[in-house]
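Please treat every number below as a calculation from the coordinates, not as lab data. Quantities reported herein were computed from a predicted structural model and do not represent experimental measurements. Please note: Cβ atoms are built from the backbone with ideal geometry, for glycine as well, and neighbour counts cover all protein chains shown.
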Amino acid sequence: MADGGTTTGAPASIVIRRRVEWADVDGAGWYHNTAAFRFIEAAETSLLARLGLIHFYGRHPRVHVEADFLAPLRFHDVVDVEIRVAAVGRTSVTYDSEIRRGDEVAVQGRLVAVLLDGPGGEPAPWPDDARERFMTAGPQRGDDLSS
């Protein structure tokens, strides 16, 4: 792959590690649920970079986002954020995600993004090479943002 993996025949995925920062929490030190979506977006950005598809960023807005919040997170917790390609449609990509603190799953989510032919444009089909990378690149080297 472009920057961090080899083709395995499995759908592309990545795990990044990060800390829950002060800006992610309320006055009591518990994280805001919106922080989960930023964490997942950071993992998606890393995945697209590893796959050599970062040039599509900004051309594939989210059209569906869902999450189940299973455990609270606190300021300064270290979490692993995983995003996996679940499906690639003609113009869409569906990701499944998890945010874990150790072995505990704190958030499970799913998001769907649609490729546009340009900023604010119409849905466009994914190029064949992008589809191939999404569906066969397997696990990619993650980033550690927790330091």
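Observations
- Residues satisfying the stated conditions in the stretch 46-86, i.e. basic (Lys, Arg), over 18 Å from residue 102 (Cα atoms) and assigned to a strand (DSSP E or B): 62, 84
- Residues that are surrounded by 11 or more Cβ atoms within 10 Å (Cβ to Cβ) and not in a loop (DSSP other than H, G, I, E, B) within the stretch 18-32 comprise 18, 19, 24, 25, 30, 31, listed in sequence order.
- Residue that is farther than 21 Å from residue 136 by Cβ and within 13 Å of the chain's Cα centre (by Cα), where the choices are 21, 98: 98
- Matching residues, the stretch 36-85, being free of Cβ contacts under 8 Å to residues at least 12 places away in the same chain and crowded, with 20+ Cβ neighbours inside 10 Å: 48
- Residue 65 vs. criteria over 16 Å from residue 11 (Cβ atoms) and either in contact with a helix residue (DSSP H, G or I) (Cβ under 9 Å, 6 or more places away or on another chain) or of a type outside the set (Ser, Thr, Tyr) (or both): yes
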